[in-house]
2 protein chains.
Amino acid sequence: MPRLADHEQRRRQITDAARRVIVDGGLEAVTFQTVAAAAGISVRLVQYYFGTKREFLLATHRSVMEAAGARFARRWADLGADVTPREAVRAVLTELLPLDQERREEAIVLGAFGWANVTGRGIAAEETFAAPRALITLVADQLRRARPAAASGDAELDAELVAMAVGGLAQGMLQGYGTAQSALALVDHLLDRLAVPKNFGG
Amino acid sequence: MPRLADHEQRRRQITDAARRVIVDGGLEAVTFQTVAAAAGISVRLVQYYFGTKREFLLATHRSVMEAAGARFARRWADLGADVTPREAVRAVLTELLPLDQERREEAIVLGAFGWANVTGRGIAAEETFAAPRALITLVADQLRRARPAAASGDAELDAELVAMAVGGLAQGMLQGYGTAQSALALVDHLLDRLAVPKNFGG
């Protein structure tokens, strides 16, 4: 019987391979065969660790979400206690945009899962809403911190706007629309329009 | 030799069938066989009208864009001359959201083409940028009309924000996020945040 650490490592090897298959060929390219080939292991071993395709797709989705979450948490910790709400929101949004290879691949994989929901071959359904919901809560909290005098309902609606705009922006960038510079300019413009001050009290 | 009208009608029959195949199974479901079956004609006939798969995918993309463009033009004409810029922008954005079956199917098909660009199996590439570019120009024009005193560059950036937000909103709705009512509330909130007055001069 393999040790738990080996078990986890092997599962990780398989979900990493599934992730690469999705980046290269979309969700429809994922089969026991393609993932086994990408991981350099046998089809039987993939089947041993994940009984069904749905199971390893869910595990892949979860592993990409966890990796993104961990990167997020590091970025958040790096911000320190003195960060302004605007800097905090800007950091979070920047982390979501496909500005380097890692974030691009992440956006492609999560986008593929989201798109599968649209065409009725959804794997993760409700799971894919967890991230936007968490983003909206986080942004709304920062907006309330930035503009304590504003109506609280405005923070929620503003945060939803932010989530929609950044979702659309990420999607556009993946398709080749715009540049990193124009994307960041758009994020700043959005924060200006939401009257998020550059400094506390300013 | 078939008359031109018959020829056009037949091509339309085929691109309509391709559209239905995409709505049901995504772009990867499209083959000469599936489209012929959906159109109720022979594979040979599809091949006679469209030599390659790429050709009829392009024709399908174009036919969906044309149908959307025609619906847009009708909506625009219905607005009349006295329409405020805000009403005009609101009408255009509403027309883009998947609020009924027709617009939902349109958004799915155009989304499928856009997504294919991301995963490198793009069919329409530059063609898929035509619609967002046209939208940005139209919205920027209306924003300038609504806020003649504002800096002109702001209208461009605001229009890009609108396009991104509505793109993200449409994508979210397709995945089952939110309701028609919450989507329209978000559009209104966006126009408020861009300081688009409800009336001329106010």
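The values are calculated or read from the model by the stated rules, or taken from the named source; none is laboratory data. Just so it is clear, the model here is predicted, and its values are computed rather than measured. Cβ sites come from the backbone with ideal geometry, for glycine too, and all protein chains shown count toward neighbours. Quick note on the areas: whole protein, heavy atoms, side chains included, nothing else; ligands and nucleic acids left out. Shrake-Rupley method; radii C 1.70, N 1.55, O 1.52, S 1.80 Å.
Observations
- Contact order, relative form, for the stretch B:99-189: 24 percent (alpha carbon pairs under 8 Å, 6 or more residues apart, mean separation divided by residue count).
- For chain B, the 222 nm mean residue ellipticity estimated from helices alone, with every DSSP H stretch of n ≥ 4 adding -39500 (n - 2.57) and the total spread over all residues, rounds to -25000 deg cm²/dmol.
- Of the residues B:PRO98, B:PRO85, B:PRO132, the one that moves most in a GNM of chain B with alpha-carbon contacts below 10 Å is B:PRO132.
- Relative contact order for the stretch A:17-71, counting Cα pairs under 8 Å that sit 6 or more residues apart, in percent: 29 percent
- Charge dipole of the stretch B:42-105 (Cα centre as origin; +1 on each Lys and Arg Cβ, -1 on each Asp and Glu Cβ, all else neutral): 300 debye, rounded to the nearest 20.
- For chain A, the relative contact order is 20 percent, taking Cα pairs closer than 8 Å that sit 6 or more residues apart in sequence and dividing their mean separation by the residue count.
- Whole-Hz couplings from phi, Karplus 6.51/-1.76/1.60, listed for the stretch A:95-104; x for Gly and Pro: 5, 8, 7, x, 8, 9, 4, 4, 6, 5
- Distance between the stretch B:86-141 and the stretch A:69-97 - C-alpha centres, whole angstrom: 31 Å
- Heavy-atom accessible area per residue - the protein assembly as shown, 1.4 Å, Å²: 47 Å²
- Highest-MSF residue in chain A out of A:ILE41, A:ILE22, A:ILE108 [GNM, Cα springs under 10 Å]: A:ILE41
- In the calculated pair-distance distribution of chain B, the portion above 22 angstrom amounts to 54 percent of the Cα-Cα pairs.
- Cβ-based charge dipole, the stretch B:46-117, positive-most Cα from B:TRP76, B:ASN117, B:LEU58: B:ASN117
- In sequence order, calculated HN-Hα J values of the stretch A:29-45 (Karplus, 6.51, -1.76, 1.60; Hz; x Gly/Pro): 7, 6, 9, 3, 5, 5, 5, 4, 4, 5, 8, x, 10, 7, 4, 4, 5
- Farthest towards the positive end of the charge dipole of chain B, among the residues B:LEU93, B:SER42, B:ALA185, is the Cα of B:SER42, using unit charges on the Cβ of Lys, Arg, Asp and Glu.
- Evaluated with a Cβ-only charge set (Lys, Arg +1; Asp, Glu -1), the stretch B:71-196 carries a dipole of roughly 20 debye about its Cα centre, given to the nearest 20.
- Only the Cβ atoms of Lys and Arg (+1) and of Asp and Glu (-1) were treated as charged; on that basis the dipole of the protein assembly as shown about its Cα centre amounts to roughly 740 debye.
- When A and B come together, around 3700 square angstrom of accessible surface is lost from both chains combined, probe 1.4 Å.
- Whole-percent carbon and sulfur share, accessible surface of the stretch A:45-202, 1.4 Å: 55 percent
- For chain A, built as a Gaussian network whose Cα springs stay under 10 Å, the top-fluctuating residue of A:GLY111, A:GLY40, A:GLY26: A:GLY40
- Stokes-Einstein diffusion coefficient of the protein assembly as shown, Kirkwood radius over Cα pairs, 25 °C, 0.890 mPa s, in µm²/s: 107 µm²/s
- nm² value of the averaged projected area, convex hull over the Cα atoms of the stretch B:26-97: 6.3 nm²
- For the stretch B:158-165, Karplus couplings with θ = phi - 60° (6.51, -1.76, 1.60), whole Hz, Gly/Pro x: 4, 5, 5, 4, 4, 4, 5, 5
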